[in-house]
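Take a look at the structure below.
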Amino acid sequence: MGEAAARSPKQHRSRRTLQRITRAALELIGQNGVEGTTVGAITRRAGSSVGSFYARFDGKGDLLRYLDEHIWETVEQQWSETLAGGLSERPINELVRGLARLYADLDLVHRDARDAIGQALRGPWAGPSDAALRTRARVWEDSQRLLLAKRGAIVHSDPELAVETVCRTLESAASLFEPVFLEDLCTALVVHLVGDRDSSLPSGANVEFFDIWS
């Protein structure tokens, strides 16, 4: 259990107050940045009191650390809920597209606030937080597991390497591609895994990823 989940109060009223403060802080930081967001502005947006804020946080820095953890716990929760929805049952071409959309959606979770908080806590050139690394590791492991479960459909001579290439590409592309380009990328990645069975490539042919761009 992460720090954010552990800090959640057991009483319903207190939990609702924390949720309002959290939501208000993320909205304001996303709009105005960390420096442009004050405790007073957060409590006003949340419809709460300054006393309620300091009953839960030692100050703004404590809030930022909590929010950093909370964002990544939210990402991991959304990931788990999507996997539970039957993504693993889809054929490999739909699985790749489903993972691509999921990577892109998760990248949007409180992105402006997430980036601002990360810079405030760790500086512009610092690496990701422990919570981010933990969540990314979970997503990475699950993605590889799901794709390798379709090993029978993969024609590449090295299925593990092919799946690793797909996962690294999806992770890197999540924040860079518009939906139409993401769809084109998914088509290329599916060809990398299973070959182009609908056109000139014979069944069982190996396809190197960068060959599709030539």
Selection from region 100-109 of residues among the hydrophobic types (A, V, I, L, M, F, W, C), within 15 Å of TRP72 (Cα to Cα) and surrounded by 13 or more Cβ atoms within 10 Å (Cβ to Cβ) yields LEU102, ALA104, LEU106, VAL109
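Let's see how each residue does on (1) crowded, with 20+ Cβ neighbours inside 10 Å; (2) out of contact with any strand residue (DSSP E or B) (no Cβ under 6 Å at 6 or more places or on another chain); (3) in a helix (DSSP H, G or I); (4) touching a residue at least 40 places away in the same chain (Cβ under 8 Å):
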| position | (1), (2), (3), (4) |
| --- | --- |
| ASP68 | yes, yes, yes, yes |
| ILE71 | yes, yes, yes, yes |
| SER80 | no, yes, yes, no |
| ARG97 | no, yes, yes, yes |
| PRO124 | no, yes, no, no |
| LEU133 | no, yes, yes, no |
| ARG145 | no, yes, yes, no |
Given ASP58, ASP68, which one is at pLDDT 90 or above and touching a helix residue (DSSP H, G or I) at 6+ places or on another chain (Cβ under 6 Å)? ASP68
Residue that is modelled with the lowest pLDDT, among those in region 169-185 that are assigned to a helix (DSSP H, G or I) and under 18 Å from the mean Cα position of the chain (by Cα): PRO179
Lone qualifier among ALA153, ALA120, ALA116, ALA132 - being more than 30 Å from THR37 (Cα to Cα) and at pLDDT 90 or above: ALA153
Just the residues that are in a loop (DSSP other than H, G, I, E, B) and either under 19 Å from ARG15 (Cβ atoms) or within 27 Å of the chain's Cα centre (by Cα) (or both), please, taken from region 39-61. GLY47, SER48, SER49, PHE57
Answer from ILE117, ILE71 - the residue that is touching a His at 6+ places or on another chain (Cβ under 6 Å) and not small (Gly, Ala, Ser): ILE71
Determine, yes or no, whether ASP112 is assigned to a helix (DSSP H, G or I) and either more than 13 Å from the chain's Cα centre (by Cα) or exposed (fewer than 13 other Cβ atoms within 10 Å of the Cβ) (or both). yes
Restricting region 122-155 to residues that are polar (S, T, N, Q) and more than 30 Å from GLY195 (Cα to Cα), which is nearest to the chain's Cα centre (by Cα)? THR135
Search result, residues across region 28-79 that are more than 20 Å from LEU121 (Cα to Cα) and touching an Asp or Glu at 6+ places or on another chain (Cβ under 9 Å): ARG45, GLN78, TRP79
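The values are calculated or read from the model by the stated rules, or taken from the named source; none is laboratory data. As the structure is a computational prediction, the values presented were derived from the model and not from experiment. Here Cβ is always computed from backbone atoms with ideal geometry, including for glycine, and neighbour counts include all displayed protein chains.
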